[in-house]
1. Among 70, 152, what is the fewest-to-most ranking by other Cβ atoms within 10 Å?
2. Could you line up 24, 126, 258 from fewest to most neighbouring Cβ atoms inside 10 Å?
3. Given springs between every Cα pair under 10 Å in a Gaussian network model of the chain, which of 240, 55, 162 has the largest fluctuation?
4. Multiplying the sequence separation of residue 50 and residue 258 by 0.36 nm and subtracting their Cα-Cα distance, what value in nm do you get?
5. Before anything else, pin down the relative contact order of region 102-199: Cα pairs under 8 Å, at least 6 apart, normalised by residue count, whole percent.
6. Rounded to the nearest 0.05, what FRET efficiency do residue 170 and residue 62 have when you use their Cβ-Cβ distance and R0 = 25 Å?
7. Hey, what's the Cα Rg ratio for region 8-57 versus the globular rule of thumb, 2.2 N^0.38 Å?
8. Indicate, rounded to the nearest 5 percent, the antiparallel portion of the DSSP beta bridges found entirely in the chain.
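Since every read-out is calculated from the coordinates, none of them should be taken as a lab result. Keep in mind the model is a prediction, meaning the values are calculated, not measured. Cβ placement follows ideal geometry from the backbone for every residue including glycine, while neighbour counts extend to all protein chains displayed.
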């Protein structure tokens, strides 16, 4: 059966009971900002017939639609749970759940000070190239890219290699900690070219609030087992907190091919 045409059992009637499998997006289900391969989507469809599945990513829903969905099929129809922006935005079976706002939390004055500092810092960076969109404002966070989010795939790869040697992002984060020691923000490296900035506690663990609340619904599930696949699972990476949380079983992957292999192995145990 095709991915788009599949009919799945209700969440509380999946054969593997009280279990959800969550996935990071970039470098886990697909290459950064690239399309997920058809064989990955097919495997996820097969998994969905057994357990509840969801993804949790730092980007907004529109970017995840580009990577995981199709023009005919919304990403919210391919996963039981969709958690854009670490779960600050959330969808259950296509239904939008209540979210939270970063700008309401931080306030306009503190936000302006933060943005001013970031833009001055990036302006003074001597990088091989700079493109555009150095700060991307999202509902639950801001995403900061020293090279700019308008970089091409080739330019992303080049910056990632440069950053591995010169530690541009981690050095900038260290300076942010010094400049704003008491503002209550967390800085988390993800993907190839950027890092996320969000209130402490609003990392990918935030999605577990929705997972745990599901049992309160009439058709809900009391999830006892939560698997999570992610690539940035080292401390400082944007998958670390969810990967290492005692409520989850973490699976560290290198790339989408490794995810596919490990997922096949996990499915054989169901």
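1. Fewest to most other Cβ atoms nearby, the residues stand as 152, 70.
2. In increasing order of surrounding Cβ atoms, one gets 126, 258, 24.
3. 162
4. That pair, residue 50 and residue 258, stretches by 72.8 nm at full extension.
5. It comes to 28 percent, rounded to a whole number.
6. Efficiency computed from Cβ-Cβ geometry: 0.35.
7. 1.21
8. 45
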